[in-house]
Each structure stands twice: as structure tokens, then as C-alpha cells.
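Undergrad: Would you mind keeping the following structure in view while I ask a few things?
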Amino acid sequence: MVRRSSAVCGDGTGLIEHGHVFQPALFSARFGQYLEALGVLLSAIGGPVVPKSVLAFFVVALLPLGGCMQTTLSPSTDASMTPRDRQLLAHTPYAQASVPEQYLRHIVDYPRKEMPGTILVDTDARYLYFVLPDGKAIRYGVAVGEEAMAFSGVARVGRLAEWPDWVPTADIQARLGPYPARVPGGPANPLGARGIYLYLGNKDTLYRIHGTNQPEYIGQAISSGCIRMRNEDVIDLYDRVKLNSTVVVLPPGQSAQVEAGRRWRG
């Protein structure tokens with residue numbers, strides 16, 4: 001499959017990826033005033049009369065030149081899937097969701113200082129990064145925990161499991177249950193295809209990076225604290241990550257990206 005590239009500004013947001021947001025902005029009152037002023041200026045210097053739609057097109061075309069970074073849409077592949085994965089994912093008991101392109105797997109510039117092999121979760125942006133060498137990372141879209149439920153801090157990968165069983169905690173049983181004491185692994189299981197268990201020292205934090213049977217929630221803060229990924233993506237990540245790898249989960253309000261100045265935090 002051919003990889004597609006899109007120019008993306010420093011906050012990691014692609015113009016193409018955010019077309020549903022950017023398009024209304026183009027025709028907002030303020031943007032319309034800017035286009036009108038530009039048209040008046042062109043007329044004042046003897047230029048031709050240019051329709052607003054044409055002006056808008058050229059303004060948008062110039063945006064990628066303003067200090068944007070490049071991302072590459074990484075082709076979806078089942079290369080990491082086992083025969084069992086293919087069998088279980090071929091007949092899922094849930095509808096396949098259309099995930100916005102911004103939350104699909106991308107190769108991105110990564111100017112932060114984490115070592116290759118590190119996982120970083122940007123809770124605010126709903127992205128998980130797997131750090132590669134040479135200033136690159138694989139960026140995956142994720143669902144994160146609801147406010148006050150999400151883990152944040154620095155942990156390590158203490159355990160890895162394929163199609164793990166789910167053992168609901170007492171808190172989840174009280175809030176969302178009743179559930180069976182143990183739910184066998186499989187496509188209907190909330191942990192999905194893989195579980196990456198976060199530990200502090202030798203203690204299980206009870207937080208996981210895992211697959212999901214609700215892919216429609218990727219990009220939202222909806223979980224009970226764990227970090228959910230599309231099953232295809234968590235399989236891909238699982239195939240890369242190693243035991244004892246560092247996992248950095250940024251708390252809300254401390255995004256890896258900042259709006260002011262469109263610069264990454266180091």
C-alpha cells in the first residue's frame with residue numbers, strides 16, 4: 001500500500017485530518033472579513049477582482065509553508081497478526097467504526113528527548129507515541145480515561161499479554177457492574193487483542209494500554225482510566241514494545257504539544 005503524506009502544523013493537527021473543523025472556520029465571519037480585506041488590497045494595487053473562494057484556496061495552500069511538520073499515514077497492515085488474531089477479528093461482535101484520519105497510525109517528527117522504545121501518552125491530544133530513532137515516532141490515536149480517573153506519571157511495562165482475560169476491579173464492579181469475576185479473552189472482551197500492563201516498581205498500577213471492543217470511542221476521554229487503542233494498532237504496538245520499557249503518561253493540561261508559538265515542549 002502506498003503511504004500518503006500530509007503537512008501538519010506543530011500541534012500535530014493535519015489540515016486534511018481536521019477538514020471538518022477547518023472548513024466552517026474558512027467561512028466564519030472573521031475569516032470572511034480577512035478575505036474581503038485582501039480582495040480590497042488587491043484591487044487597490046490594480047490587481048484583478050478575485051472571488052473569495054479562490055482567495056481562500058490560496059490561503060489554505062500557503063498554510064503548510066508556515067513552520068509545519070510532516071507526518072506520514074502509516075499503511076494498515078496485518079503483518080503483526082497471528083492466525084488467531086485474524087480468526088477472532090474476522091467476526092467481531094461489534095460494528096467497525098470509521099475512525100477519523102488524525103487518529104489513524106502515523107509516522108511523525110518527534111523532537112522530544114525520550115529514548116527510542118519509550119511510550120508517551122498525550123492525554124489531552126488523545127495520542128500515544130512509540131518513540132523511534134532519528135527523531136521520529138509512531139503516533140496512534142487512543143481513548144483515555146475520564147477526568148480524575150486517568151493514570152499519569154512514569155511507569156514501566158511490567159507484563160504483556162495476548163487476548164488477555166479481563167478481571168473487573170471492585171471499583172468498576174461498583175460503578176458499572178455487575179460483571180463476571182473474570183471475562184475470558186476474545187473480541188467481545190473490553191481489553192481487546194492485547195494488554196500492556198503498567199507497573200510502578202514491582203506493583204501493578206491496574207492501568208493498562210489495551211485494545212477495545214468499542215473502536216468508535218477512539219479520540220475521546222471515555223474509559224475508566226486505561227488507554228484504549230484500536231485492536232489493529234495495539235497489535236502493532238505490542239509487536240514493538242519490550243518488557244520494562246518506560247511509559248510516560250502526561251496528565252491533563254500538560255500536553256506534549258502547546259498552542260502558543262506552535263512549538264513542542266522539550
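Undergrad: On a 1.4 Å probe surface of the protein chains, which of 115, 229, 81 comes out largest in accessible area, and what is the full order?
TA: Numbers: 115 135, 229 0, 81 30 Å².
Per-residue accessible area, sorted high to low, gives 115, 81, 229.
Undergrad: Right, something else. From the phi of every residue in region 185-196, what ³J(HN,Hα) in whole Hz does the Karplus formula 6.51 cos²θ - 1.76 cosθ + 1.60 yield, where θ is phi - 60° and glycine or proline is x?
TA: Karplus-based 3J(HN,Hα) across region 185-196 equals x, x, x, 8, 6, x, 7, x, 7, 8, x, 10 Hz.
Undergrad: Could you tell me what percent of the accessible area of region 182-247 is made up of carbon and sulfur, with a 1.4 Å probe and every protein chain present?
TA: Within region 182-247, the accessible surface is 47 percent carbon and sulfur.
Undergrad: Per residue, what accessible area does region 90-222 have, given a 1.4 Å probe and all protein chains present, in Å²?
TA: About 45 Å² of surface per residue is accessible.
Undergrad: Counting only protein heavy atoms and using a 1.4 Å probe, what share of the accessible area of region 113-181 belongs to carbon plus sulfur, as a whole percent? Mind showing how you got there, number by number?
TA: Values: 1770 of 3210 Å².
For region 113-181, the apolar C and S fraction of the accessible surface comes to 55 percent.
Undergrad: Between residue 132 and residue 79, what length comes free when the chain is fully extended (0.36 nm per residue of separation minus the Cα-Cα distance, one decimal in nm)?
TA: 17.2 nm is the gain from fully extending residue 132 to residue 79.
Undergrad: Roughly what would the spin-label model give for residue 174 and residue 244, points 7 Å off Cα along C-beta, in nm?
TA: According to this spin-label approximation, the distance is 3.7 nm.
Undergrad: Calculate, in nm to one decimal, what residue 91 and residue 146 gain on full extension: separation in residues at 0.36 nm each, minus their alpha carbon distance.
TA: Result for the pair: 16.9 nm of gain on full extension.
Undergrad: If ligands, DNA and RNA are left out, what is the accessible area of residue 91 with a 1.4 Å probe, given in Å² to the nearest 10?
TA: Accessible surface of residue 91 is approximately 150 Å².
Undergrad: Still on this structure, please answer the following. Placing +1 at every Lys and Arg Cβ and -1 at every Asp and Glu Cβ, with all other atoms neutral, what dipole size does region 95-155 have around its Cα centre, in debye to the nearest 20?
TA: Numbers: 6 positive and 8 negative charges, 43 e Å.
Charge dipole of region 95-155: 200 debye, to the nearest 20.
The values are calculated or read from the model by the stated rules, or taken from the named source; none is laboratory data. Note that this is a predicted model, so its numbers are computed, not measured. Cβ: placed from backbone, ideal geometry, glycine included. Neighbour counts: every protein chain shown. When the accessible area is computed, the model is the full protein with side chains, heavy atoms only, and any ligands, DNA or RNA have been set aside. Shrake-Rupley method; radii C 1.70, N 1.55, O 1.52, S 1.80 Å.
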